[in-house]
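The values are calculated or read from the model by the stated rules, or taken from the named source; none is laboratory data. Not measured: the values here are computed from a predicted model. Counting neighbours? That spans all protein chains shown, and the Cβs are built from the backbone with ideal geometry, glycine included.
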Amino acid sequence: MDYKITDDGIIVSQNCFDLAQTLDCGQAFRWSEREDGAFEGDFLNEHLVVSELRKGEFLFEGVSEEKFLSVWKEYFDFETDYEAIIKRLSEDETLAKACAFASGIRILRQDTWETLCSFIISQNNNIPRIKGIIGRLCEKYGGFPDNDTLAAETAESLAFLRAGFRAKYIVDAAVRTASREIDLENIRTLSCDDARKELMRICGVGPKVADCVLLFGMYRTEAFPVDVWMKRVMARFYPDGMPECAKGIEGIAQQYLFHYVRSDPSMLGEIV
C-alpha cells in the first residue's frame, strides 16, 4: 500500500480492493453508496467518505495522515497481501473462479461489540432493515452505543428500534459482555471452537452469528460462517470440506464464494 497526503485528504494506491464489494457485501451495515459513487459511513464513530478516483486509487476525503494510519489503514486491512491470498486460493478451480469474480473483497477489522450487536440484529433479516435498525440505534445514542449503555436498557425501552424479538437478545448480549460474564477480549485468545461455544452462550447467538463475530469482529480468518447459500456451495463443491489451500483463511475464502454464488447467475443456476 502506498499513500500520499493532499489538500483533499489521503490518496491510497491499493490493489485487490473494491469499495462496493467490501462495504456492501454484508459484513458491515453502517455504509451507504452515494449518488456520486462514493461510500459514506462510520467506524468507531469516526465518519468517512471514501471514493475511487481511478482503478486502484482511492481518496479518503478530509482525513489526516494520523487518522488514516491509526484508524483506517487497519480497518480496511491494508497491510494484508490479498494478492498472495488470491494466488493461494486459486489452486482450487472453484475458488479461482470466485476470487476472479470478487477479487476486491477485504475483511474489515471491525469492533467486536459492534459486530456482535449488528449480527444479532441481522438474524432472519434483510440488509435494508438491518441498516434501518442500526441507524435508529446510532441516532438515539449519537453513535454506536457501547455495551454498558445498552445493558441499562430493556427490550421494552428499545421498542423504538423496531427490532422485534432481537431487542431482548441485544440486551442479553450487552448485560453479559458488560459484566464480563462473557469476556470478549478473553474469547479472542481461545481456540475457534471454544470461542464459538462461549459466544453461543448469549441468547440468540447461533453458530452462524458466532462465526460472523469471530471473522468480522475478531479477524479470526479461520472462522467460516455458513448460511443456506454456503450449505449449497459445500454440498455441491466441497462435500468433504474446504480444500487445503484455504486452511487458516477459510473465512476469506467464504467471502469470495458467497459473493460469487449470490451475484453470478450461471453459478446460482448450478447450485439452486
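Some notes on this structure:
- Region 225-240, residues that are surrounded by fewer than 17 Cβ atoms within 10 Å (Cβ to Cβ) and assigned to a loop (DSSP other than H, G, I, E, B): Val226, Asp227, Pro239, Asp240
- Qualifying positions in region 30-51 - surrounded by fewer than 17 Cβ atoms within 10 Å (Cβ to Cβ) and out of contact with any Ser or Thr (no Cβ under 8 Å at 6 or more places or on another chain): Ser32, Glu33, Arg34, Glu35, Asp42, Leu44, Asn45, Glu46, His47, Val49
- Out of Phe76, Phe119, sole residue that is closer than 16 Å to Met1 by Cα, surrounded by 14 or more Cβ atoms within 10 Å (Cβ to Cβ) and not aliphatic (A, V, I, L, M): Phe76
- All positions within region 212-262 that are closer than 17 Å to Ala102 by Cα, among the hydrophobic types (A, V, I, L, M, F, W, C) and in contact with a Ser or Thr (Cβ under 7 Å, 6 or more places away or on another chain): Ile249, Ile252
- Flag set for Ala163, criterion: closer than 21 Å to Lys208 by Cβ, of a type in the set (A, V, I, L, M) and either touching a helix residue (DSSP H, G or I) at 6+ places or on another chain (Cβ under 6 Å) or modelled with pLDDT of 95 or more (or both).
- Inside region 1-29, residues that are among the small types (Gly, Ala, Ser), surrounded by fewer than 17 Cβ atoms within 10 Å (Cβ to Cβ) and assigned to a strand (DSSP E or B) make up a count of 1.
- So Ile133, is it without any contact (Cβ under 8 Å) to a residue 40 or more places away in the chain and within 18 Å of the chain's Cα centre (by Cα): yes
- Sole residue being over 22 Å from the mean Cα position of the chain (by Cα) and of a type in the set (D, E, K, R), chosen from Glu198, Glu139, Glu114, Glu156: Glu156
- Of all residues in region 117-129, those satisfying the criterion of being assigned to a loop (DSSP other than H, G, I, E, B) and within 18 Å of Gly217 (Cα to Cα) are Ser122, Gln123.
- For beta carbons closer than 6 Å, sequence separation of 6+ or different chains, a first residue in region 138-154 that is modelled with pLDDT of 95 or more and a second that is of a type in the set (Asp, Glu), the qualifying pairs are Phe144/Glu114.
- Boolean, Phe101 is closer than 13 Å to Leu19 by Cβ and either surrounded by 14 or more Cβ atoms within 10 Å (Cβ to Cβ) or free of Cβ contacts under 8 Å to residues at least 40 places away in the same chain (or both): no
- With respect to being more than 23 Å from Tyr169 (Cβ to Cβ) and at pLDDT below 95, Met230 falls outside the description.
- So Phe237, is it among the aromatic types (Phe, Trp, Tyr) and more than 21 Å from Phe29 (Cβ to Cβ): yes
- Within region 210-224, tally of residues that are among the β-branched types (Val, Ile, Thr) and either assigned to a helix (DSSP H, G or I) or more than 14 Å from the chain's Cα centre (by Cα) (or both): 1
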